[in-house]
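A quick write-up on the structure given underneath.
The values are calculated or read from the model by the stated rules, or taken from the named source; none is laboratory data. Computed from a predicted structure; not experimentally measured. A quick note on method: Cβ atoms are made from the backbone with ideal geometry, for glycine too, and the neighbour counts reach across all protein chains shown.
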Amino acid sequence: MNDYDNSIAVDVSPGRLFDYLADVQNLPAYMPRLKAAHPHDGDRVTVTAHIDPPDGPEQDVTSEAWIRVLEHGKTLTWGSPGPNDYHGQLHVAAGEQEGTSRLTVELHTEHAEGHQIDDGLRETLTGIKNAVEHAEN
């Protein structure tokens, strides 16, 4: 069992950040390998990612995932089926200054490549921060 977490300050209000994250069509804007995300059937999402595995050819893969609002305006849960028990939560809280937010991500996976997962969390949080701060109002 492997659990990871990280957080980042974001220069937008908590409500705006949460609304941005809750719209799954924004996923490709902040997850660099994700090419498309299409919501359907309630909390289900079909995602397409471009991968370059060390033991195989570079390719696009499509899979199913889910995203749920756990606590409106504060917490989203997400995950995908498969052998790695991959799931997590995004928490949005008020930042230290008015009009700012603190975004925390928690991730659980059976996949045990810690430094790569930590790097991926930092990359995703930075991607969210950049995307939402530069998104049109």
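Data overview
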{"quantity": "Check on VAL10, surrounded by 15 or more Cβ atoms within 10 Å (Cβ to Cβ), of a type in the set (A, V, I, L, M) and in contact with a Lys or Arg (Cβ under 8 Å, 6 or more places away or on another chain)", "calculated": "yes"}
{"quantity": "Criterion violated by ALA135 - all others in (1) in contact (Cβ under 8 Å) with a residue 60 or more places away in the chain; (2) under 17 Å from SER7 (Cα atoms); (3) among the hydrophobic types (A, V, I, L, M, F, W, C) satisfied", "calculated": "(2)"}
{"quantity": "Single residue of segment 98-117 satisfying the filter (of a type in the set (Asp, Glu) and touching a residue at least 24 places away in the same chain (Cβ under 8 Å)) that is farthest from ASP52 (Cα to Cα)", "calculated": "GLU106"}
{"quantity": "Test: GLY120 is free of Cβ contacts under 8 Å to residues at least 24 places away in the same chain, in a strand (DSSP E or B) and surrounded by 14 or more Cβ atoms within 10 Å (Cβ to Cβ)", "calculated": "no"}
{"quantity": "Residue count, segment 46-57 (criterion: out of contact with any His (no Cβ under 7 Å at 6 or more places or on another chain) and either modelled with pLDDT of 95 or more or surrounded by 15 or more Cβ atoms within 10 Å (Cβ to Cβ) (or both))", "calculated": "3"}
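Each row is one residue, and each column tells you yes or no for (1) surrounded by 15 or more Cβ atoms within 10 Å (Cβ to Cβ); (2) among the small types (Gly, Ala, Ser); (3) within 11 Å of LEU17 (Cα to Cα).
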{"position": "GLU64", "(1), (2), (3)": "no, no, no"}
{"position": "VAL69", "(1), (2), (3)": "no, no, no"}
{"position": "ASN84", "(1), (2), (3)": "no, no, no"}
{"position": "HIS87", "(1), (2), (3)": "yes, no, no"}
{"position": "THR100", "(1), (2), (3)": "yes, no, yes"}
{"position": "GLN116", "(1), (2), (3)": "no, no, no"}
{"position": "LEU125", "(1), (2), (3)": "yes, no, no"}
{"position": "ILE128", "(1), (2), (3)": "yes, no, yes"}
